[in-house]
Amino acid sequence: MSVLQQTGPVQSQGSQTTLAVMALAIMVIGAVQGVPPYVLAVVPLALWLALAFPLSWSLIFMAMSTFRLPDAYPLLRETQITLASGALAIAALFWHAVLARTVQMVWRPTLVIMLALLVLGFVGYVTAINKAGTWTFLTEIYWKIIVASLALSWLIRTRGDLRAATTVIIVSGILIGIVALYNKYHGIDLVEGTRVTIGQAFRSPIADPNDLALTLLIPTSLAMALAAMAPGAWVRLLAFAAMTVLIPAITVTQSRGGLLGVIAAIGVIALYKVRSRAIVFGLAACVGLVLFAAMGIGGRQSGGFQELAGSGIDESSYHRILAWRSAINMALANPLSGIGYAGFQDAFYFYTPEWIFKNMAPHSTWFGMLGEGGMTGLVLIVTMLVLSFTSLRRSLATLRARPDDVVSYVITIGLIAAMASFCVAGSFLGHHVSWTPYLLVALAAAVATVAERDPAREQRPGIVAPAAGSRVVPRTPRSPPDRRRPASPAPNPL
């Protein structure tokens, strides 16, 4: 499947005029609405970036939304950069995909399923237990996740784009990891006395230690793959430096799901690095034991050795089992569309086999989608992730034959490891309607685009690709003039 070439800088007079008009209109409207002058001053530059480099704002929005950087660095909340980057990312996609037609929207099966999950969410609103909560979640959060994921899958088209996205993901993880370690050292935002969180004051999604650990699994998997297999000593050194922040940050969350996710990622990367499976399993087991001891999970207030010794099963595990049984009851009552997205806790009281005097989250991606999206939702999300995994495997086989693009090959291995770590850790954490699975699916689709693209056709910087549908007539190269001296005529034998 052909993919259009990389969009270059805005060069045509029409594009420059449109850019100027848009910047002037936004600045006037912003001034009327009382937007600070220092924000208005960067509007022309922001629009130029959106049109010349459409991927830039999508990556910024992904970093702000997936990793919740404004919750870790409150100064970013005052700039409203998440809202601004989201609007600019959508504007850039609309400009390049619809108006200029310099970006081709390839609807891969995984992306169609992603859109079907959005439609299912609105269908499930009809039978939702908490209609107001489901509607608010769909219209304020979930549709943005889907649209932003689609944008990333279409705008990442070259090996350079893929490397830029990987860099942003790892750097974002490092920034969150630094705050997690800082909070641990200073005793800030701790739950159960020892477990680190971020953004308790803002009720952030990473204010839960398990969710914080799962958020860090993608950058950790990519960093481990680059540290183990990337060409060049500098790349490996920088990736290893990232690991020295990311793995300790997961450790201080004391998350059992995070521990299993790290072990799964290490096992997958080792399978591509070491031939002996016995060595791989032994390495994963040793790393797991070391991390278990470093996390101090046995000393946790919930799920620690003391609680296990008293009852045989800790309270946290027992509550998870109740939540999963409740999800099955929800699916039996509403098999097609479930009880509505983001409605599990509100419906828990009506479907739990045992009331424990508090509402429970699903604590599982699969059971969460089963309860909130019914059997339809569970089939869709499992199919989407399986197809993404097989797509990554196919892309890996293609990239293996390209010795000049080893970095993309290693990044693909990192994404396979990230997908495995999410499936393992997500079995105990409810992230069926959060950023993580959809980001992985979008990156898998982008890798397929990069793998299908002919490296020889990648555009040189500063050259604008022709619009879609335009007819490009190849120029026939002229042969160089023959400057050789004519041969002497053969003598006449007569």
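What follows is calculated from the coordinates using simple rules that are stated; it is not laboratory data. Since we're looking at a predicted model, the values are computed, not measured. Every residue, glycine among them, receives a Cβ derived from its backbone with ideal geometry; neighbour counts consider all protein chains shown.
Each of TYR409, TYR318 has some number of other Cβ atoms within 10 Å of its Cβ, and from fewest to most they run TYR318, TYR409.
Take the alpha carbon atoms of region 63-141, find their center, do the same for region 231-281, and report the distance between the two centers in whole angstrom. Spelled out, the Cα-based centre of one part sits 30 Å from the other. Going by the alpha-carbon gyration tensor, a ≥ b ≥ c the square roots of its eigenvalues, is region 108-457 rounded (a/c under 1.5) or, if a/c is not under 1.5, prolate (a/b greater than b/c) versus oblate? Oblate, since a/c reaches 1.5 and b/c is not below a/b. For a quick check of your reading of the filter: which chymotrypsin sites (Phe, Trp or Tyr not before Pro) in region 82-138 sit in a DSSP loop and have no more than 15 other Cβ atoms within 10 Å? When the chymotrypsin sites (Phe, Trp or Tyr not before Pro) of region 82-138 are filtered for loop state and at most 15 Cβ neighbours within 10 Å, TRP107 remain. Once C-alpha pairs closer than 8 Å and six or more residues apart are averaged by separation and normalised to the residue number of region 108-457, the relative contact order reads 27 percent. Counting other Cβ atoms within 10 Å as a rough exposure proxy, the listed residues PHE202, PHE350, PHE367, PHE357 run PHE357, PHE350, PHE202, PHE367 from fewest neighbours to most.
Taking region 210-290, which trypsin sites (Lys or Arg not before Pro) meet the DSSP loop condition and have no more than 15 other C-beta atoms within 10 Å? The qualifying sites are ARG275.
A cut-off of 5 Å between modelled amide H atoms, ignoring neighbours fewer than 5 places along the same chain, links GLY426 with no other residue. Applied to region 195-211, the Karplus parametrisation 6.51 cos²θ - 1.76 cosθ + 1.60 on θ = phi - 60° returns per-residue 3J(HN,Hα) values of 8, 7, 9, 9, x, 4, 5, 9, 6, 5, x, 8, 7, 9, x, 5, 5 Hz, with x for Gly and Pro.
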